[in-house]
Every structure is written in structure tokens, then in C-alpha cells.
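Participant: There's a structure below that I have some questions on.
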Amino acid sequence: MTHEPHPLDHPADPFEVARTAASDIARLTGVERHDVAVTLGSGWGRAAELIGETVATIPATEVTGFSRPALEGHVGTLRSVTTPDGRHVLVIGARTHYYEGHGVRRVVHSVRTAAATGAKQMILTNGAGGIKESWSPGQPVLISDQINLTGDSPLEGATFIDMTDLYSARLREVAREVDASLDEGVYCQFRGPQYETPAEVQMAKAIGGHIVGMSTALEAIAARQAGMEVLGFSLITNLAAGISPTPLSHAEVIEAGKAAEARISQLLADVIGRIR
Ligand code: HPA
């Protein structure tokens, strides 16, 4: 079997590929530059229509470097949405997960592309497991910081980048203006795709984690590298393994996402409406 090389395969320059992707987006949407970008994880999918008017929806596969979605429930489209006050929001419904095994360049390509479209803020959303016992499934929380347990990084070579205040305190404040009850926690990214063992969840808790998931941390690093302000939301779809007395199932995760979707999508749209 022959394999077509992927545009992001070595020795390509991933930033150059992101610039090509950004010009694909400009051509296909007719929107030259975007102000804000948001990645919609499980449960957050209805936000696009609440943010404003959709100018264009394009299949991610038409944009250089994007892969086909691996999972049902992850929409493989990019949308350009204009807010009522005229800002352009790039809505990314096509996430490549680290566990797909295509390498970290493809995982963060959407974030680098968002930066290349001009986006100054990157909003990352996901569905994740909750460690805090006060949390319940269906609850959205803010990400305050992260622990990257993948053992990998989107940074190549001696690229030393400060990770203090990775998740913008300013943007978290904006989110709390919309919903003062939003709690926050530290997001731990595991490689997956298996859910964590109860022992791994206890480890995450012991090292300061409150949320366990399989996306976002690598993307946040790439967003910081690109100089974007980062805001992160997790929908707690389930209590993490061993915190919950019952075993986890993917169906349960999808179900919790669906049940919370309308409410959290509105929250996200309202926050985007307030970002300046
Ligand atoms: N762990 C990791 N990823 C997840 C979980 C979880 O409990 N729930 C949804 N995504």
C-alpha cells in the first residue's frame, strides 16, 4: 500500500503549513482575518449558531493539513461566524486528538492555523472527567492551569516558552462576568484513548489536578507559543474513574454532553460576545 505524504510530515515547516491553511480559510470563507478562534469539544457543538451569523461553513478536509475526524460526535467543519458587533470568530469543529497517533504537529495544526488567520484569543473547550467531588456531570468549569502528562510537546528544538498564566486570568474574569458560579480547576492531559485507572486519577489528584482529559494541554502550549491569549472550558461529562462508583462509558460521556449542550453553548457564546 502506498501512503500519500501528509502536508505536515517532516521536513515541512508546520508554521508555513498553517499559513497556507489560513489562506485556504480566507479564500473559502471570504473572510480575510479572524479575531477570535474557538475549538468545540464534546458537548459544546451548538455554540456556533449562538455566537452570531454564520458567513461560511467549510469541511475541514478542504483546508491544508486538516485530518478527517476520527470520532462520531466531533464535527469536521470550520465555520466563520460574525458577532453582532462585527468581530470574526473562527469556529473549529475538527479536533485531531493525540491518541490518534498522527503526531503532535497535526494535533496543534488547528491552533496554529487560527493564529495565522489573525486570531488573538484561542478558546479551547472539551468534555472531561471531574476529580472534585463537589462537581457533577453536565457542569462546565474553567481551566485555571494544566499538567501535560503526554510526555510530548508541540515545541520542537530548544524553544523555551514561559507557561506562567497560560490560561488568561483576564479572560477567566470575563467568563465569570457571564456566570459568577463558574468553578475552575487544573486540567491534566493523559494520552488516552483508554480512560484513566482509579490509581491514575488518584495520581492526578495528588499532583494538583482537578480535571482529566485527552486534549487541550498540547493545544494550549501551541497557542501560547503563537502568542495568543488562552481561555479553556471543560464540560464535566462524568466524575473521573474511581471518584464515580460506576465504570465509565463513552456513551455516558456523549449523553452528558448532549444534555448540557444548549446551556453551555449559550454560556460560551455569551463569553465570546464579551471578549475584547
Ligand atoms: N477521562 C479522560 N477523558 C475524558 C473523560 C475522563 O474521565 N471524560 C470525558 N473525556
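The numbers here are math on the coordinates, done by the rules we state, and not lab data. Note that the structure is predicted; figures quoted are calculated from it, not measured. Positions of Cβ are backbone-derived with ideal geometry, glycine not excepted, and every protein chain shown enters the neighbour counts.
Participant: What is the residue count in the range 115-148 for residues that are of a type in the set (S, T, N, Q) and assigned to a loop (DSSP other than H, G, I, E, B)?
Facilitator: Result for the range 115-148: 3.
Participant: Taking interchain pairs and intrachain pairs at least six residues apart, which have beta carbon atoms under 9 angstrom, with the first residue in the range 159-171 and without any contact (Cβ under 8 Å) to a residue 24 or more places away in the chain and the second hydroxyl-bearing (Ser, Thr, Tyr)?
Facilitator: The qualifying pairs are Ala169/Ser144.
Participant: Okay, next question. Arg191: surrounded by fewer than 18 Cβ atoms within 10 Å (Cβ to Cβ) and over 18 Å from the mean Cα position of the chain (by Cα), yes or no?
Facilitator: It is false that Arg191 is surrounded by fewer than 18 Cβ atoms within 10 Å (Cβ to Cβ) and over 18 Å from the mean Cα position of the chain (by Cα).
Participant: Taking Val174 as meeting all but one of (1) within 22 Å of Val107 (Cα to Cα); (2) touching a residue at least 60 places away in the same chain (Cβ under 8 Å), write down the number of the exception.
Facilitator: (1)
Participant: Ser181 versus (1) within 23 Å of Ile123 (Cα to Cα); (2) without any contact (Cβ under 8 Å) to a residue 40 or more places away in the chain; (3) not in a loop (DSSP other than H, G, I, E, B): which is the lone unmet condition?
Facilitator: Among (1) within 23 Å of Ile123 (Cα to Cα); (2) without any contact (Cβ under 8 Å) to a residue 40 or more places away in the chain; (3) not in a loop (DSSP other than H, G, I, E, B), the lone unmet condition for Ser181 is (3).
Participant: Out of everything in the range 143-188 that is under 20 Å from Ile243 (Cβ atoms) and out of contact with any Phe, Trp or Tyr (no Cβ under 9 Å at 6 or more places or on another chain), what residue ends up being surrounded by the most Cβ atoms within 10 Å (Cβ to Cβ)?
Facilitator: My answer is Cys188.
Participant: Moving on to the next point. Would you confirm whether or not the range 218-227 contains a residue that is of a type in the set (Val, Ile, Thr), within 12 Å of the ligand (Cβ to nearest atom) and within 20 Å of Tyr167 (Cβ to Cβ)?
Facilitator: no
Participant: Among the residues of the range 220-262, which ones are assigned to a helix (DSSP H, G or I), in contact (Cβ under 8 Å) with a residue 24 or more places away in the chain and either in contact with a Cys (Cβ under 6 Å, 6 or more places away or on another chain) or aliphatic (A, V, I, L, M) (or both)?
Facilitator: Across the range 220-262, the qualifying residues are Ala220, Ile221, Ala222, Ala223, Val253, Ile254, Ala256, Ala259, Ala260, Ala262.
Participant: In the range 191-219, what residues are over 27 Å from Lys120 (Cα atoms) and in a loop (DSSP other than H, G, I, E, B)?
Facilitator: Result: Arg191, Gly192, Pro193, Gln194, Tyr195, Glu196, Thr197, Ile207, Gly208, Gly209, His210.
Participant: Do you know which of the residues in the range 244-253 that are aliphatic (A, V, I, L, M) and within 9 Å of the ligand (Cβ to nearest atom) is nearest to Gln194 (Cα to Cα)?
Facilitator: Across the range 244-253, the extreme among qualifying residues is Leu248.
Participant: Across the range 187-206, what is the total count of residues that are more than 9 Å from the ligand (Cβ to nearest atom) and either among the aliphatic types (A, V, I, L, M) or touching a His at 6+ places or on another chain (Cβ under 7 Å) (or both)?
Facilitator: 4
Participant: Quick check on my filter: what residues within the range 98-109 are farther than 17 Å from Gln225 by Cβ and either among the acidic types (Asp, Glu) or within 16 Å of the ligand (Cβ to nearest atom) (or both)?
Facilitator: Tyr99, Glu100
Participant: Determine the pairs where a residue that is closer than 14 Å to Thr150 by Cα, located within the range 186-204, has a partner that is more than 9 Å from the ligand (Cβ to nearest atom) and of a type in the set (Gly, Ala, Ser) with Cβ atoms under 6 Å apart, the partner being 6 or more residues away or on another chain.
Facilitator: Sorted first by the residue in the range 186-204, then by its partner, the pairs are Cys188/Ala204; Cys188/Gly209; Gln189/Ala217.
Participant: Hey, among the residues in the range 110-133 that are small (Gly, Ala, Ser) and closer than 22 Å to Phe190 by Cβ, which one's nearest to the ligand (Cβ to nearest atom)?
Facilitator: Only one residue tops the list, namely Gly129.
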